[in-house]
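The values are calculated or read from the model by the stated rules, or taken from the named source; none is laboratory data. Given the structure is predicted, the values throughout are model-derived calculations rather than measurements. Reconstructed Cβ throughout: ideal geometry from the backbone, glycine too, with neighbour counts over all protein chains shown.
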Amino acid sequence: MSGDERTLLQEPQEAASLSRLSVRRELGGRLPPRLELHLGGELDADTAPGLREDLAVLAARSTEGLLVLDLSGITFCDSAGLYTLLGIRQTLPLADIEVLFTRASAVLRAAADQAGLTIHLALQDGT
């Protein structure tokens, strides 16, 4: 498939269940196609399913690209949130979508450290 035939990384739909988790989207006009999601609020058992659904839509609409999740605004994260991030890290590359977690909040880092998932999540400080 040539570069002109590739489907650009698409935005996921808004999910009503994300009321305690805000998601701000920024589409980048770069190659490969880039979508940045800035997460803020609580990533937990109540909000994680909506994020997973949005990202499933993203994967279904895309053929390749880079998804950057800016995690600096996360104020609470439980094990469901952590395992959602781990699932994102493991499954989206199967759809040729590279995943990069950036600017993890101190709350998220502490939760990942406590669960022993910091290395598996490959949390980064900068962009």
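In region 81-101, what residues are closer than 19 Å to Thr63 by Cβ and small (Gly, Ala, Ser)?
The one that is closer than 19 Å to Thr63 by Cβ and small (Gly, Ala, Ser): Ala95.
With respect to the numbered conditions (1) under 17 Å from Gly50 (Cβ atoms); (2) under 14 Å from the mean Cα position of the chain (by Cα), which one is the sole condition not fulfilled by Thr102?
(1)
Need pairs with beta-carbon distance below 6 Å; first residue free of Cβ contacts under 8 Å to residues at least 12 places away in the same chain and within region 39-51, second part of a loop (DSSP other than H, G, I, E, B); sequence gap 6+ or separate chains.
Listed by first residue and then by second, the contacts come to nothing, as the list is empty.
crowded, with 16+ Cβ neighbours inside 10 Å, over 22 Å from Ala112 (Cβ atoms) and modelled with pLDDT under 65 - does that describe any residue in region 1-8?
Yes.
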